Amino acid sequence: MELREVVRRRRMVRSFDPGREVGREVVDRVLKHAVRAPSAGFSQGWDFVVLSTATDRARFWERTSDPDSEQDRWLRGVSSAPVLVLCCSDPQAYLSRYAEPDKGWADRDVARWPVPYWDVDNGMAAMLMLLTAVDEDLGALYFGVPPERQDTVKEAFGIPQDRRIVGVVALGHPSPTPGARGSARTRRRRPLSEVAHHGRFGTPWESPDLV
């Protein structure tokens with residue numbers, strides 16, 4: 001599949017077919033593409049915890065959902081995904097890398113960083129997973145772990161406390177039954193004339209096909 005078609009078809013899938021597994025070789029390709037993402041200083045401060053057994057997935061949902069409330073439509077759909085990939089960032093990998101002689105930030109001061117690139121790079125790795133899912137004729141969803149649930153998820157899966165769970169990629173075959181409606185169904189996509197600026201903020205970029 002050509003890249004432009006992959007990008008055009010990418011969307012968040014919120015309901016999966018529980019009767020169709022995802023082969024280990026497919027998950028392997030997803031992960032191999034993820035580690036091709038760029039990272040500042042080639043720090044590669046990411047770790048991916050793959051939950052592909054029913055026991056591990058159940059453990060994750062037990063620690064991230066409220067047991068006293070009925071499952072909502074979103075949870076019913078997403079919890080049927082046969083694979084979950086916990087995307088963790090490692091800030092210390094970046095601070096250590098930029099303290100090396102060729103960078104020279106020996107003070108390891110987080111304030112030197114305009115944004116937390118350990119999380120930015122992690123998001124780019126996750127995007128490669130989402131695009132690979134499309135190329136493999138799978139559905140995928142990227143979602144977050146609430147702050148108050150981070151520690152219990154780390155404890156459940158032996159994730160070091162100095163890691164940050166930036167997000168989770170759910171992988172599987174889309175369910176024939178539509179899941180919860182996403183915001184893209186109710187909100188318009190902002191046109192390039194609003195989000196792309198030519199030379200100066202406020203000067204709209206004009207697409208060649210509109211000139």
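The values are calculated or read from the model by the stated rules, or taken from the named source; none is laboratory data. The structure presented is a predicted model; accordingly, all values stated were derived computationally and were not measured. Positions of Cβ are generated from backbone atoms using ideal geometry, with glycine treated the same way; all protein chains shown enter the neighbour counts. Side chains included, ligands, DNA and RNA excluded: accessible areas come from the protein's heavy atoms. Shrake-Rupley method; radii C 1.70, N 1.55, O 1.52, S 1.80 Å.
Within region 72-87, can one find any residue that is modelled with pLDDT of 95 or more and in contact with a His (Cβ under 9 Å, 6 or more places away or on another chain)?
Yes, region 72-87 contains at least one residue that is modelled with pLDDT of 95 or more and in contact with a His (Cβ under 9 Å, 6 or more places away or on another chain).
Quick check on region 46-56. Is at least one of its residues assigned to a helix (DSSP H, G or I), touching a Gly at 6+ places or on another chain (Cβ under 8 Å) and surrounded by 12 or more Cβ atoms within 10 Å (Cβ to Cβ)?
No, region 46-56 contains no residue that is assigned to a helix (DSSP H, G or I), touching a Gly at 6+ places or on another chain (Cβ under 8 Å) and surrounded by 12 or more Cβ atoms within 10 Å (Cβ to Cβ).
Just need a number here: residues in region 26-45 that are closer than 19 Å to Tyr98 by Cα and either open to solvent by 60 Å² or more (accessible area, probe 1.4 Å) or part of a loop (DSSP other than H, G, I, E, B) (or both). Before you say what the answer is, go through the steps one by one.
Going through region 26-45, the residues closer than 19 Å to Tyr98 by Cα turn out to be 37-45.
Among the residues that remain, those that are also either open to solvent by 60 Å² or more (accessible area, probe 1.4 Å) or part of a loop (DSSP other than H, G, I, E, B) (or both) are: 37-39, 42-45.
Result for region 26-45: 7.
Please count how many residues of region 146-198 are touching a strand residue (DSSP E or B) at 6+ places or on another chain (Cβ under 6 Å) and at pLDDT below 85.
Count: 1.
Only residues that are of a type in the set (Asp, Glu) and at positive phi: list them for region 105-146, please. Step through it out loud before you land on a result.
At the first step, the residues of region 105-146 found to be of a type in the set (Asp, Glu) are 107, 109, 119, 121, 135-137.
Result: Asp137, single match.
Just to verify a result, which residue in region 4-25, among those that are in contact (Cβ under 8 Å) with a residue 24 or more places away in the chain and part of a helix (DSSP H, G or I), is least open to solvent (accessible area, probe 1.4 Å)?
Initial filter on region 4-25 (in contact (Cβ under 8 Å) with a residue 24 or more places away in the chain): 6-7, 9-18, 20-22, 24.
This time we only want the ones that are part of a helix (DSSP H, G or I), so: 6-7, 9, 24.
Working: Val6: 8, Val7: 83, Arg9: 100, Arg24: 202 Å².
Looking at the filtered set, the residue picked out is Val6.
Please identify the pairs in which a residue from region 54-71 that is modelled with pLDDT under 90 has its Cβ atom under 9 Å from the Cβ atom of a residue that is open to solvent by less than 80 Å² (accessible area, probe 1.4 Å), counting only partners at least 6 apart or on another chain.
Short answer, once both residue conditions are applied: Ser65/Leu75; Ser65/Ser79; Ser65/Arg149; Gln71/Ser65; Gln71/Ser79.
Tell me the residue from Val145, Val120, Val115 that is surrounded by fewer than 18 Cβ atoms within 10 Å (Cβ to Cβ), of a type in the set (A, V, I, L, M, F, W, C) and over 27 Å from Glu5 (Cβ atoms), please.
Numbers: Val145 fails: surrounded by fewer than 18 Cβ atoms within 10 Å (Cβ to Cβ); Val120 fails: over 27 Å from Glu5 (Cβ atoms).
Unique residue meeting the criteria: Val115.
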